[in-house]
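Here is the structure we will look at, set down as structure tokens.
The values are calculated or read from the model by the stated rules, or taken from the named source; none is laboratory data. Not measured: the values here are computed from a predicted model. No Cβ is skipped: glycine too gets one built from the backbone with ideal geometry, and neighbour counts run over all protein chains shown. In case anyone asks, the SASA skips ligands and DNA or RNA and just uses the protein heavy atoms, side chains included. Shrake-Rupley method; radii C 1.70, N 1.55, O 1.52, S 1.80 Å.
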Amino acid sequence: MMSQDFDYQSFNPSEGPFESFAHIDISKQYTYVSDLPESITSQFDNCYIDKTLTGCGFTTWILQNPESYIVAVPFKGLIDCKVEQANNDTTGFYPHKVFPFYFDKTVNRKQNLKEYLEFNEIHKIMVTYDSIPNLIQQLKENGIDIKNHFKLFVDECHKVLEFAGNFKPFVVQHLGESFPEFKSVIAATATPSRREYIPEMFDNFKRIKLNWHNKTEIQIKHTNIKESDILWAVINIAYAHLNGNLEGNVYFFINSVKFSASVTQMLIKAGFDSDNFNIICGKSEKNTKTLKPLKLKQRSSLTDFCKVNFITSTAFEGQDFMDPDGVTYVLSNGKLEHTRIDISTQLPQIIGRLRCSKYKHMINFIWSYAFTEGETIFSNFIKKTFDKELDVDETIVQFPSYTKTTKFHLINDTKNEIWFLTDTDSEGNVTNFFKNPNASRHLLNSFEGTQYQYYAHNAHGPWPELEDKMIKEETKKHVNYTLNDILAGKIEDNFVIPEMTAAEKLKFGKIPNFSKLVQDYARAKEICSFGTIAHTERELIHAKEIVHEIENNPAMITIVEYVDEFGTEVALSYVDGSTNLSEKVLMRKLIKNEENKLLEKVISQNFKVGDIIRASEAKGILQQVYNDNAVLAKSKAHHFSLAFKVKKSTTSEDGKMINVLKLQQKH
């Protein structure tokens, strides 16, 4: 008898792309898979399951239940994350020890596995897709009757489609061939897939779609920028979080270790401690070499949070981040290394990675590339995709006839394209150049995914100390647009990238606008003079940082002298009204000011209040004074105003009225 809280029925193919999926509607009282009654979970065996949400606890349920499971995942990072959660748990939330199985030359997996199997009755083994054949072999060597003891859970199974044609076709083949070895198989993903795009290895599986009601729509804030501007956009955002102008800890999802390391290095050189940064990536020799100069601390994504985090594709799926203050930024740039699969196609997985964050229902999407090519109609995108496939077919046919140089450039120019794949020998030489057979299926499935509304759970996990980190009310507004609308240019940019002050740009070796530098320094000096009487503590700290940056930069001495000489009010009024301010202009003003000081001194010493000077003779009298005092200046009548208040008047002399200058006390 089905629970009254659920509606389990065959899906009408006319209603949408999930042909032959059975839908289970889950009421708001249920948050996680582990909350569901056994009458539902018992039906999951030999099913392909669309979870629809990340964070619904499917993997956790697998690790908690009393069945022995092999959990196959695409990346090592997912294993490390779950093993840390389960094996460090002291509350009984995870009742079984979890064994990690993947290649690691520093660990004797074979001996450790033998001991794990011997000392545990219920077994939970997490393994990468790649290592499934090796694990099966070792289980058999240890006398395990796999068919009667283990079930298989293929987590993040949407990656099977990607691996099949893009990177590891033989890994997928071996994974599929292993299915008959197990009591049953469950495959699950939060990435929506049309029936025709599900890999053939799941053809005989039942198909279930979980419709959770305890969810909130994701708010996607976005901005479309030039590819060349992405680096400084990321630096500006990170800087704003580091100096407190933006709240929360930043999580950049971007599939480039090199880019992440470059940004981190620039921020460290600008004066920020390396403890502020974290880069999560695969532990390859190349990545290790890239990150070594940064000397970053090894961190746990569960408990050890920092201000700026870069998350690469190894953690796009399955890895949990428990930072209650984490803010998500997704960076899409089709020209970066390792971007054969554009990151925008993986939003359903990235959403919800920050399990406990009060900002998890909002993501900031910064993009310079749209794989949808601006299309909103599926049939149009199909035509473009198939036209492209015909071009690819022609390229593959012609490839053998190309010169060696042409082949080299073609392989190099298409290395980040989803359409082409290569085989290489042990020395890295390309031995085969061929079409990706799953490229069109992936693109078409991804296109459809952009037309759905994305959701995240309203739950914050089983960590009581985080229960007060609730979703901000302003993120609970109805969303009336999709990612497809954004990529098609239908939705105006609604995320503003913060800008550094001109003074702050100096830290990064940028040459800022000179007028803004003067303005920043004058305003900062003004804030420092008033202190917390008129400004917040944060504003005062920021102002002091700007003053320190300018005053300790030898190239900025003209600005410092100018503001010190003329004062902040004069400096700001002059800058606000000037459109062509430069260091030369300020220098001329300073030199002129010094000259005027000298003239003022000489005039004060040679004239006194009450003196009356004929206007016609004023310049000559003053020039004689300059000459007598060795002052190299050409006299002007208005120079008297440097030392006195000058009143123009007339007086009678020999019965004639003449113009005179009367020197009065200067206020």
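Could you look at the range 272-398 and say what percent of its accessible area is carbon and sulfur, using a 1.4 Å probe and all protein chains?
51
Accessible area per residue for the range 538-667 in Å², computed with a 1.4 Å probe and the full protein assembly in place, what is it?
Per residue, the range 538-667 has 64 Å² of solvent-accessible surface.
Just the C-alpha atoms of the range 512-618: what Rg/Rh do they give, with Rh taken as the Kirkwood radius?
1.14
Mind ranking 206-213, 151-158 by how tightly packed they are, going by the mean number of other C-beta atoms within 10 angstrom, highest first?
151-158, 206-213
Take the alpha-carbon centre of the range 386-402, take the same for the range 255-304, and report the distance between them in whole Å.
Each part reduced to its Cα centre gives a spacing of 40 Å.
Using a simple spin-label model with points 7 Å from Cα along the Cα→Cβ vector, what separation in nm is obtained for Asp393 and Phe170?
Distance between the two pseudo-spin positions: 2.9 nm.
Taking amide H positions as placed 1.01 Å from N in the peptide plane, with prolines and chain starts having none, which residues 5 or more places from Ser332, or on another chain, fall under 5 Å of its amide H?
Sorted by chain and number, the residues that satisfy this are Ile366, Trp367, Ser368.
What is the set of long-range amide H partners of His222 at a cut-off below 5 Å, with H atoms built 1.01 Å from backbone N?
Phe365, Asn494, Phe495
Pick out, in residue order, every one of the GluC sites (Glu not before Pro) in the range 100-137 that is DSSP loop and has at most 13 other C-beta atoms within 10 Å; say none if there are none.
Answer in residue order: Glu121.
Hey, what's the Cα Rg ratio for the range 91-174 versus the globular rule of thumb, 2.2 N^0.38 Å?
Working it through for the range 91-174, the quotient is 1.20.
Tell me the Kirkwood hydrodynamic radius of the range 255-296 in angstroms, computed as one over the mean inverse distance between distinct C-alpha pairs.
Result for the range 255-296 stands at 10.4 Å.
Any chance you could tell me what percent of the C-alpha pair distances in the chain go past 42 Å?
42
For a Förster distance of 35 Å, can you work out the FRET efficiency between the beta-carbons of His213 and Glu121, rounded to the nearest 0.05?
0.40
In whole Hz, what ³J(HN,Hα) sequence does the range 630-635 give by Karplus (6.51, -1.76, 1.60; θ = phi - 60°), x for Gly and Pro?
After applying 6.51 cos²θ - 1.76 cosθ + 1.60, I find 6, 9, 8, 8, 8, 6 Hz.
Return the FRET efficiency for the residue pair Asp104, Phe508: r is the Cβ-Cβ distance, R0 is 30 Å, and the value is rounded to the nearest 0.05.
Between Asp104 and Phe508 the formula returns 0.20.
Under the rule a/c < 1.5 gives rounded, and otherwise a/b versus b/c splits prolate from oblate, where does the range 264-336 land using the Cα gyration tensor?
Because its axes are fairly even, with a/c under 1.5, the range 264-336 counts as rounded.
When a/c reaches 1.5 or more, the comparison of a/b and b/c decides; with that in mind, is the range 154-228 rounded, prolate or oblate per its Cα gyration tensor?
It comes out oblate by the Cα gyration axes.
Positive end of the charge dipole of the chain (Lys, Arg +1 and Asp, Glu -1 on Cβ, about the Cα centre): tell me which of Thr191, Thr536, Gly244 has its Cα farthest that way.
Thr536
Tabulate in residue order the Karplus-calculated ³J(HN,Hα) for the range 321-326, using 6.51 cos²θ - 1.76 cosθ + 1.60 with θ = phi - 60°, rounded to whole Hz; enter x for Gly and Pro.
Values, residue by residue: 10, 9, 5, x, 10, x Hz.
Under 24 Å from the Cα of Lys28, which lysines turn up, not counting those fewer than eight places away in the same chain?
Partners found: Lys51, Lys209, Lys215, Lys358, Lys360, Lys469, Lys472, Lys476, Lys477.
Just in the range 357-432: which trypsin sites (Lys or Arg not before Pro) are loop by DSSP and have at most 15 other Cβ atoms within 10 Å?
Passing sites in the range 357-432 are Lys415.
Could you grab the relative contact order for the chain? Cα pairs under 8 Å, six or more apart, rounded to a whole percent.
12
Find the accessible area per residue for the range 158-261; the probe is 1.4 Å, ligands and nucleic acids are left out, and the unit is Å².
About 35 Å² of surface per residue is accessible.
Considering only protein heavy atoms and a 1.4 Å probe, what is the carbon-and-sulfur percentage of the accessible area of the range 535-619?
It is 52 percent, rounded to a whole number.
Given the chain, what percent of its DSSP beta bridges are antiparallel, to the nearest 5?
Antiparallel: roughly 30 percent of the beta bridges in the chain.
Quick one: check the C-alpha center-to-center distance for the range 408-447 versus the range 646-664, whole angstrom.
If we compute the Cα centre of each part, the gap is 94 Å.
According to the Kirkwood expression over distinct Cα-Cα pairs, how big is the hydrodynamic radius of the range 505-569, in Å?
After inverting the mean inverse Cα-Cα distance, the result is 12.1 Å.
Once you have a ≥ b ≥ c as the square roots of the Cα gyration tensor eigenvalues for the range 27-133, tell me rounded if a/c is under 1.5, and otherwise prolate or oblate according to whether a/b is larger than b/c.
prolate
Taking amide H atoms as placed 1.01 Å from N in the peptide plane, list the residues 5 or more away in sequence, or in a different chain, whose amide H sits under 5 Å from that of Val660.
Under 5 Å from the amide H of Val660: Ala615, Ser649, Thr650, Thr651.
Mind ranking 26-34, 43-51 by how tightly packed they are, going by the mean number of other C-beta atoms within 10 angstrom, highest first?
By packing density, highest mean first, the sequence is 43-51, 26-34.
Residue separation times 0.36 nm, minus the C-alpha to C-alpha distance between Val430 and Glu537: what's the value?
Length gained, Val430 through Glu537: 32.5 nm.
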